[in-house]
Amino acid sequence: MARIMIVDDSPLMRRALRKILVGNGHDVVCEAGDGAAAIREYHSHLPDLVTMDIVMPGITGMEAAKAIIGAAPHARIVMVSSLDSQQSVRDAVELGALSYLLKPFERAKVLATVEQALNAA
């Protein structure tokens, strides 16, 4: 299965995603609570996929995703947010994110989105 990094400023959300992903056989190789840590951890662990919260203190998820994709164009990122905004979805896709998950999320939707992102060319 895939090596995944979870980025979210909420420990509760990180635990929930970890439980879903590990329960489906994925390996959560690291977690980050803000955008700056996400950039550092990405380059340290080179995960197959990143789940990236959009709204975080300091460097936002959008800024962190842009920095990661700028340095590693092959990076696979799924944006995660409670913001149900078409503009946020467009912005995420324009910067190179493969998909977008809305909080609160359901196990089946998380797994389907992750599989789709992992299978993207």
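The values are calculated or read from the model by the stated rules, or taken from the named source; none is laboratory data. Everything quoted here is computed from the prediction, not taken from an experiment. Neighbour counts run over all protein chains shown; Cβ positions are idealised from the backbone, glycine included.
A few points about this structure:
- Residues in region 58-108 that are among the basic types (Lys, Arg) and either surrounded by 13 or more Cβ atoms within 10 Å (Cβ to Cβ) or within 19 Å of residue 40 (Cβ to Cβ) (or both): 66, 76, 103, 107.
- Residue count, region 14-45 (criterion: in contact (Cβ under 8 Å) with a residue 24 or more places away in the chain, in contact with a strand residue (DSSP E or B) (Cβ under 7 Å, 6 or more places away or on another chain) and either of a type in the set (A, V, I, L, M, F, W, C) or buried (at least 18 other Cβ atoms within 10 Å of the Cβ) (or both)): 11
- Residues (closer than 16 Å to residue 54 by Cα and either among the charged types (D, E, K, R) or surrounded by fewer than 19 Cβ atoms within 10 Å (Cβ to Cβ) (or both)) located in region 1-13: 8, 9, 10, 11, 12
- Enumeration of residues in region 35-56 that are in a strand (DSSP E or B) and modelled with pLDDT under 95: 53
- For region 19-34, a tally of residues being outside any loop (DSSP other than H, G, I, E, B) and not β-branched (Val, Ile, Thr) returns 7.
- Within region 82-111, residues that are touching a residue at least 40 places away in the same chain (Cβ under 8 Å) have Cβ atoms under 7 Å from residues that are surrounded by fewer than 17 Cβ atoms within 10 Å (Cβ to Cβ) and not in a loop (DSSP other than H, G, I, E, B) in these pairs: 101/109, counting only partners at least 6 apart in sequence or on another chain.
- Filtered residues of region 84-121 (kept if part of a helix (DSSP H, G or I), more than 17 Å from residue 5 (Cα to Cα) and within 13 Å of the chain's Cα centre (by Cα)): 92, 93
- Qualifying residue in region 5-18 (condition: within 17 Å of residue 77 (Cβ to Cβ) and part of a loop (DSSP other than H, G, I, E, B)): yes
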